[in-house]
1. Mind checking the full-extension length gain between N253 and V140? Use 0.36 nm per residue of separation minus the Cα-Cα distance, one decimal, nm.
2. Expressed in nm to one decimal, what extension gain is obtained for the pair C243 and K273 from 0.36 nm per residue of sequence separation less their Cα-Cα distance?
3. Efficiency by 1/(1 + (r/R0)^6): what FRET value for S233 and L175, r their Cβ-Cβ distance, R0 = 22 Å, to the nearest 0.05?
4. How long are the semi-axes of the ellipsoid equivalent to the range 160-264, from square roots of 5 times the Cα gyration tensor eigenvalues, in whole Å, largest first?
5. Amide H to amide H, which residues 5 or more places from V275 or on other chains are under 5 Å from it, using H placed in the peptide plane?
6. Once both labels are modelled 7 Å past Cα along the beta-carbon direction, what's the T149-A44 spacing in nm?
7. Give me, ordered by chain and number, the residues 5 or more places off I225 or on other chains with an amide H under 5 Å from its own placed amide H.
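Coordinate-derived values only; no laboratory data. Owing to the predicted nature of the structure, the values given are computational and were not obtained by experimental measurement. We place every Cβ from the backbone using ideal geometry, glycine too, and count neighbours over all the protein chains shown.
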Amino acid sequence: MSKAPAYPQLPPQGYAPPPGAAQYVPPAQPTQPPPYAAAGPPPAYNPNYQGGYGAPPPQAPPGGYGYAPPGQTNVYIQPAAVPQVIMPARKPGGPSMGYKATAAAGSALGGLVSLTGKGLSALAKGVEREINHAVDGTKVSHTLALFTTGNVLQLYSRVTQRALRVMPNGAVDGLGGQEPAAQFIITNCGSNQVVLRNIANPAFHLAVLGGVTTGTGNGSDKSCIFRLHESVSNFVTLESVMCSNHHVGIAQNGMVTAPGMTKKGNPAMFSVKLVYSPFGQVQRH
């Protein structure tokens, strides 16, 4: 297959245009300028010459640039510009505004990093606490099985070796014996969360109210619900469901400790004694 000739083409030999068609006219050939015939440099400027100069020729570039004979080349080097540095004004006896701004930015960044670190630490503790709560809620043991609804229990402080009790005025201590004021009937809410109602005064329920452990809870809100946690030595702790990380605790003198300052240590630990069960016996797991 032959390659198509490039356009425009000359008409073939013997070609005659059809009637009414314009005759073929070959394209005009470009006219070449005559060769430059100057044999030397242009004449020097003459202010009195009235020929073709209407104005003085342009001035030569600075630095002595001028005519170069044939065969030579002038090279003009532009002087390098010197950069100017403008320094900010400084107040007498004090740092510059730039320094103050940098110091303020550094302080703010340090504060942000500090807040971020604290926030991450609090988040990690919160996640750990929720995991522990989930584990406590699913744990099964003989000790935890004693907290069955309807059972009557006594809780003996690990510190005083005496029973937790509610006094007639609603105050709580850890100096009880075998009396009904030191006994509690259990209501199990599920997930190892319980309500403890006093036997001596059925209107009294163990509660954490206003940051204080009291026996005057009404039994109808979360202040009276406690989350059970069993230690490896079979002691249990009572953590307020409404106030997370607040525990019932007993000091060496038998008085209750501040719930918010009481963690899962010895003051918060109680051994469990079954006084009565409507089921006759407690199923062992």
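1. Numbers: separation 113, 0.36 × 113 = 40.68 nm, distance 3.30 nm.
Length gained between N253 and V140: 37.4 nm.
2. On the way: separation 30, 0.36 × 30 = 10.80 nm, distance 2.62 nm.
Extending this stretch completely gives an extra 8.2 nm.
3. Details: r = 23 Å, r/R0 = 1.02.
It comes out at approximately 0.45.
4. Details: eigenvalues 63, 54, 39 Å².
The three semi-axes for the range 160-264 are 18, 17, 14 Å.
5. Correct list: V152, L153, Q154.
6. Those two pseudo-labels are separated by 12.5 nm.
7. V241, M242
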